[in-house]
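*Asks:* Input: one structure, supplied below.
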Amino acid sequence: MLQLLGDQGYGKAAAVLTDEAALVEAARTSAEAFGELYDRYFDRIYRYAYRKTNSREEAEDITSLTFQRALEGLGRYEWRSLPFGAWLYRIASNAIIDRHRRWAPTVPVDDLDEGGDLPLTKVQPDELIERVEAHQELVAALRQLSTDQREVLILRFSENLRFKEIGVIMGRSEGAVKKLLYRALLALRGHLESLGGGNGIDGFSRALSRATSSCS
Amino acid sequence: MDFHERLAEQLARALETPNPAVGRLEPVGGEESDLSSLLYLAGVVTQEMRRPVPCDLSFKQQLRASLLRGFGGPNLCSPST
């Protein structure tokens, strides 16, 4: 049995996995146990939904739908075929796809946040401008990636999942996920270079890196 | 295994090796530094994607309460739209 562990490692895996398997089993009949699972996964599912939609309202709706469907489907859920965390990510991913298929004419998938939630404290105006510009370049470059390429970047870099775990969620082999991530970064770098007006990735990276270190 | 497959494997190995310096490496030019450049970009993307996302704590609490109210009966939780 496998719980999504990200980079925390597998050293503590046995105890964690046994605990989660028991919790999932208990959650079939116990509201308290389901609440515990909710507490474990809410932040991850919300963050994933937010990164995919770049909208707080949509992230809330997707998170709500995900846990609602999980609650409804828990009786049919089988751990052996899919770890619980991966199951939740899949529900969220399908909910996003369904939603945007339905809403595509009015709500664009890439209605991306343009940096409105950037931390604004302790940042000089020129540094802020530089940071926002670098952020917007990255957002614009991410927009140009395919859905699968963005998915693998989010699962790896936002959710901090291992390649094997990403493979389970995306229904691909570990090797295929590694290639997909490599291709995604290559494509992203290409888009940044074309957006950079000759400055390329080096100029973009320096700007973002300088401004980011000022923010932290 | 061709050039790109080797690079994809090396990149994956480097990313799964805990290295707090990733993302702070200065990118360097030249084909031979392709991996270094991608690792640097991976670090930049990671920094961007790990920024906190705006989340309303009351939404989290309300959704939890709604789900648990609906436990074992008609589900009262529904998306806002």
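Rule-based calculations on the coordinates, nothing more; no lab input. Only a predicted model underlies this, so the values are computations on that prediction, with no experimental measurement involved. Positions of Cβ are backbone-derived with ideal geometry, glycine not excepted, and every protein chain shown enters the neighbour counts.
*Asks:* Fewest first, what order do A:Thr147, B:Thr46 take by the number of other Cβ atoms within 10 Å?
*Replies:* A:Thr147, B:Thr46
*Asks:* Arrange A:Leu180, A:Leu155 by Cβ neighbour counts within 10 Å, fewest through most, would you?
*Replies:* Values: A:Leu180 23, A:Leu155 26.
Going from least to most buried by this count: A:Leu180, A:Leu155.
*Asks:* What does the C-alpha gyration tensor say about the overall shape of segment A:45-84? Classify as rounded when a/c is under 1.5, otherwise prolate if a/b is larger than b/c, or oblate.
*Replies:* oblate
*Asks:* Karplus couplings for segment B:50-62 from phi (6.51 cos²θ - 1.76 cosθ + 1.60, θ = phi - 60°), rounded to Hz, Gly and Pro as x?
*Replies:* 8, 4, x, 9, x, 9, 8, 4, 5, 4, 4, 6, 5
*Asks:* Would you mind computing, in nm to one decimal, how far apart the modelled labels at A:Glu25 and B:Arg6 are, each placed 7 Å from Cα along Cα→Cβ?
*Replies:* 4.9
*Asks:* Another one. Give me the number: length gained by fully extending A:Asp43 to A:Gln144, i.e. 0.36 nm times residue separation minus the C-alpha to C-alpha distance, one decimal in nm. Please list the in-between numbers first.
*Replies:* On the way: separation 101, 0.36 × 101 = 36.36 nm, distance 2.68 nm.
Here the answer is 33.7 nm.
*Asks:* Can you run phi through the Karplus equation (6.51, -1.76, 1.60; θ = phi - 60°) for segment B:35-45 and list ³J(HN,Hα) in whole Hz, with x for Gly and Pro?
*Replies:* Result, rounded to whole Hz: 5, 4, 5, 5, 5, 4, 4, 4, x, 5, 4.
*Asks:* Right, next: Take A:Asp19, B:Asp2 and order them by how many other Cβ atoms sit within 10 Å, fewest up front.
*Replies:* Details: A:Asp19 12, B:Asp2 7.
Neighbour counts put them in this order, fewest first: B:Asp2, A:Asp19.
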